[in-house]
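Here is the structure we will look at, set down as structure tokens.
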Amino acid sequence: MTPATKMLDKAKIPYRLHEYQHDANAGAYGLEAAAKLQLPAEWVFKTLVAELDNGNLVVAIIPVDKKLNLKQLAKAAKAKKAAMAAPEKVQRSTGYVLGGVSPIGQKKRLATFIDESAEPLPQIYVSGGRRGLDIELMPTDLKEVTQARFVSLV
């Protein structure tokens with residue numbers, strides 16, 4: 001049980017857990033998850049935390065094989081600029097370690113944006129709150145539980 005699974009249980013949102021053996025030498029956690037779970041990369045999403053020019057942190061959820069467009073994220077968050085947040089800020093605000101940051105059940109509720117490519121998919125996979133654990137759920141359920149918006153982020 002992680003804060004993510006507890007939050008999904010409490011909200012009565014259906015999901016499935018998928019565990020895999022995390023390789024400590026893996027650099028790209030999301031790509032590792034897609035490979036080990038034998039899933040198309042466009043179904044597996046990574047959770048990134050960025051800091052806006054006003055100091056607020058925001059969450060971007062994008063396919064693991066894509067690069068976040070920080071200008072698009074800033075625009076979606078109604079800010080001028082966005083930059084990737086420092087690892088210690090990410091861990092402090094989410095309660096999760098890097099490589100295991102789930103968009104669900106974070107310590108502080110941050111404004112959340114999901115790349116629009118997720119919306120038409122029947123299900124997507126996001127981190128379950130630790131390395132080696134992914135959650136499969138419907139994109140609309142992820143949007144609901146995180147109070148997110150679908151926007152163009154890549």
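The values are calculated or read from the model by the stated rules, or taken from the named source; none is laboratory data. None of the values given here were measured: they were computed from a predicted structure. Cβ placement follows ideal geometry from the backbone for every residue including glycine, while neighbour counts extend to all protein chains displayed. Just so you know, the surface numbers come from the protein's heavy atoms only, side chains and all, with ligands and any DNA or RNA stripped out. Shrake-Rupley method; radii C 1.70, N 1.55, O 1.52, S 1.80 Å.
Quick check on my filter: what residues within segment 1-47 are over 21 Å from THR146 (Cβ atoms) and hydroxyl-bearing (Ser, Thr, Tyr)?
Answer for segment 1-47, where residues must be over 21 Å from THR146 (Cβ atoms) and hydroxyl-bearing (Ser, Thr, Tyr): just TYR20.
Are there any pairs with C-beta distances below 8 angstrom linking a residue in segment 118-142 that is of a type in the set (Lys, Arg) to a residue that is part of a loop (DSSP other than H, G, I, E, B) and open to solvent by 40 Å² or more (accessible area, probe 1.4 Å), with the two at least 6 apart or on different chains, and if so which?
Correct list of pairs: ARG130/VAL97; ARG131/HIS22; ARG131/VAL97.
Kindly indicate which of ARG92, ARG130, ARG109 is part of a helix (DSSP H, G or I), closer than 17 Å to THR2 by Cα and open to solvent by 20 Å² or more (accessible area, probe 1.4 Å).
Details: ARG130 fails: part of a helix (DSSP H, G or I); ARG109 fails: part of a helix (DSSP H, G or I).
The conditions single out ARG92.
Which one of LEU17, LEU52, LEU68 is among the aliphatic types (A, V, I, L, M), open to solvent by 30 Å² or more (accessible area, probe 1.4 Å) and in contact with a strand residue (DSSP E or B) (Cβ under 7 Å, 6 or more places away or on another chain)?
On the way: LEU52 fails: open to solvent by 30 Å² or more (accessible area, probe 1.4 Å); LEU68 fails: open to solvent by 30 Å² or more (accessible area, probe 1.4 Å).
Going through LEU17, LEU52, LEU68 in turn, the sole match is LEU17.
Which members of segment 133-154 meet the condition of being of a type in the set (D, E, K, R) and either surrounded by fewer than 16 Cβ atoms within 10 Å (Cβ to Cβ) or under 18 Å from ALA77 (Cα atoms) (or both)?
Initial filter on segment 133-154 (of a type in the set (D, E, K, R)): 134, 136, 141, 143-144, 149.
The answer is LYS143, GLU144, ARG149.
Considering only residues that are open to solvent by 40 Å² or more (accessible area, probe 1.4 Å) and either touching a strand residue (DSSP E or B) at 6+ places or on another chain (Cβ under 6 Å) or hydroxyl-bearing (Ser, Thr, Tyr) (or both), which ones fall in segment 71-85? Outline the logic, then answer.
Step one: of segment 71-85, the residues open to solvent by 40 Å² or more (accessible area, probe 1.4 Å) are 71-72, 75, 78, 80-81, 83-84.
Those that are open to solvent by 40 Å² or more (accessible area, probe 1.4 Å) and either touching a strand residue (DSSP E or B) at 6+ places or on another chain (Cβ under 6 Å) or hydroxyl-bearing (Ser, Thr, Tyr) (or both): ALA83, MET84.
Looking at segment 1-28, which of its residues are hydroxyl-bearing (Ser, Thr, Tyr) and more than 23 Å from ARG109 (Cα to Cα)? Please lay out each step first, then the result.
Step one: of segment 1-28, the residues hydroxyl-bearing (Ser, Thr, Tyr) are 2, 5, 15, 20.
TYR20 - this is the single residue of segment 1-28 that is hydroxyl-bearing (Ser, Thr, Tyr) and more than 23 Å from ARG109 (Cα to Cα).
Tell me which of these ILE62 doesn't satisfy, since it passes every other one: (1) assigned to a helix (DSSP H, G or I); (2) surrounded by 17 or more Cβ atoms within 10 Å (Cβ to Cβ); (3) touching a residue at least 40 places away in the same chain (Cβ under 8 Å).
(1)
Across segment 33-49, what is the total count of residues that are open to solvent by 50 Å² or more (accessible area, probe 1.4 Å) and hydroxyl-bearing (Ser, Thr, Tyr)?
0
May I ask you to list the residues in segment 2-37 that are of a type in the set (D, E, K, R) and either part of a helix (DSSP H, G or I) or at positive phi (or both)? Reasoning before the result, please.
The initial filter retains those residues of segment 2-37 that are of a type in the set (D, E, K, R), namely 6, 9-10, 12, 16, 19, 23, 32, 36.
Within segment 2-37, LYS6, ASP9, LYS10, LYS12, GLU32, LYS36 meet the criteria.
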